[in-house]
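Worksheet: the structure to be examined is printed underneath.
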Amino acid sequence: MRQGEIVLAAGRRLRPADLGGLLAVGITQVKVAQPPRVAILSQGDEVVPPTQTPGPGQIRDINSYTLAALTRRAGAEPILMGVAPDQLGALSALARQAFAQADVVVISAGSSVSVRDMTAEVIATLGQPGILVHGLSVRPGKPTILAVCDGKPVFGLPGNPVSAMVIFDLVVAPTLRLLQGEEGPPRRIVMARLARPIASVTGREDYVPVRLEQRGNERWAAPVFGKSNLIYTLLQADGTVRVALDSNGIGEAEWVEVLQ
């Protein structure tokens, strides 16, 4: 290194080699970004803890823990707030508690428009300007809520596990990286040929889970089709393929980018 030369620019996640390079020139302390605290709140009368055996019409809480893991992968600190019942008062109280404790609030489920979906109503009470977007032209994850309340990002994610994880990667994770000043590509992208065609409609982005397979000297991406409430579609997948907004699908054997 020449004297006065920049060793590491701001906005870079430190790697083991980076630490060695800093120490080699006598830099033993650097300023780093504090991990944002992310309050994760699930809701639903039917949602029970993972340790509990579900009764009729009940499901285990998946989203709290998958979203917490995605939060850690984005360099932030998750705060699990538990599960709120489908009651406006209880949901509002827990959301306000989450808002007071964290830098970012993520609420899963209740973002659609049925009588039991109260997330938008609750988010609107947390601060100004409030809800910026309610609904995205994506599948899965159309009933997503994006908000800023008194300077804090607040997200309402769909309750279906696959939708929640896809939307987290699409909008929450980039926000967390931005809050930390991080720059550069967030995740690994690999190229592969599509093993089966993917149908879509124009005017909507599709995110389709795929499983990577090696066929001779080429890498292929086999779509894993399934409903967004089935976590096993992601369990069998190695990444996702994006179908562009203005496309009506991707043909078999075409080259695609797989986001891992």
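The values are calculated or read from the model by the stated rules, or taken from the named source; none is laboratory data. No experiment lies behind these values; they were computed from the predicted model shown. We place every Cβ from the backbone using ideal geometry, glycine too, and count neighbours over all the protein chains shown. Side chains are part of the model used for accessible areas, which takes the heavy atoms of the whole protein and leaves out ligands, DNA and RNA. Shrake-Rupley method; radii C 1.70, N 1.55, O 1.52, S 1.80 Å.
Things worth noting here:
- Segment Glu121-Ile189, length gained on full extension (0.36 nm per residue, minus Cα span): 20.7 nm
- Chain lengthening between Gln236 and Lys31 when straightened (0.36 nm per residue, less Cα-Cα): 69.8 nm
- Using the Cβ-Cβ distance between Gln260 and Gln3 with R0 = 51 Å, the FRET efficiency computed as 1/(1 + (r/R0)^6) comes to roughly 0.80.
- Average accessible area per residue (Å²) across the chain - probe 1.4 Å, nucleic acids and ligands excluded: 54 Å²
- Model label zone, Leu245; criterion: amide N under 15 Å from point 7 Å along Cα-to-beta-carbon; scope segment 159-199: 171
- Per the Debye calculation on segment 127-260 with a single equal scatterer at every Cα and no solvent contribution, log₁₀ I(q)/I(0) for q = 0.21 Å⁻¹ amounts to -1.29.
- About the Cα centre, charge dipole magnitude for the chain (Lys/Arg +1, Asp/Glu -1 at Cβ), debye: 500 debye
- Take 34-47, 229-242, 68-81 and order them by the average number of nearby Cβ atoms within 10 Å per residue, most first; the result is 34-47, 68-81, 229-242.
- Scattering profile of segment 31-89 at q = 0.15 Å⁻¹ [log10 I(q)/I(0), Debye over alpha-carbon scatterers]: -0.51
- Diffusion of segment 54-194 by Stokes-Einstein, at 25 °C in a medium of 0.890 mPa s and with Rh set to the Kirkwood radius over alpha-carbon pairs, works out to 156 µm²/s.
- By the Kirkwood approach, averaging reciprocal distances over each pair of separate Cα atoms, segment 145-216 gets a hydrodynamic radius of 15.3 Å.
- Relative contact order, percent, the chain [alpha-carbon distance under 8 Å, six or more residues apart]: 16 percent
- Gained length - Lys227 relative to Gln214, 0.36 nm times residue gap less alpha-carbon distance: 2.1 nm
- Ellipsoid fit via the Cα gyration tensor, the chain: semi-axes of 32, 29, 17 Å, each the root of five times an eigenvalue, largest first.
- Dividing the summed helix terms, -39500 (n - 2.57) for each DSSP H run of n ≥ 4, by the number of residues in the chain produces a 222 nm estimate of -6000 deg cm²/dmol to the nearest 500.
- When +1 charges are put on Lys and Arg Cβ atoms and -1 charges on Asp and Glu Cβ atoms, the dipole computed for segment 1-116 relative to its Cα centre reaches about 460 debye.
- Taking the DSSP beta bridges with both ends in segment 37-196, the antiparallel portion is around 35 percent.
- Kirkwood-based Rg to Rh ratio, segment 181-260, C-alpha trace: 0.99
- 3J(HN,Hα) along segment 214-229, derived from phi through the Karplus expression 6.51 cos²θ - 1.76 cosθ + 1.60 where θ = phi - 60°, amounts to 9, 10, x, 9, 10, 9, 10, 10, 9, x, 10, 7, x, 6, 6, 8 Hz, with x in place of Gly and Pro.
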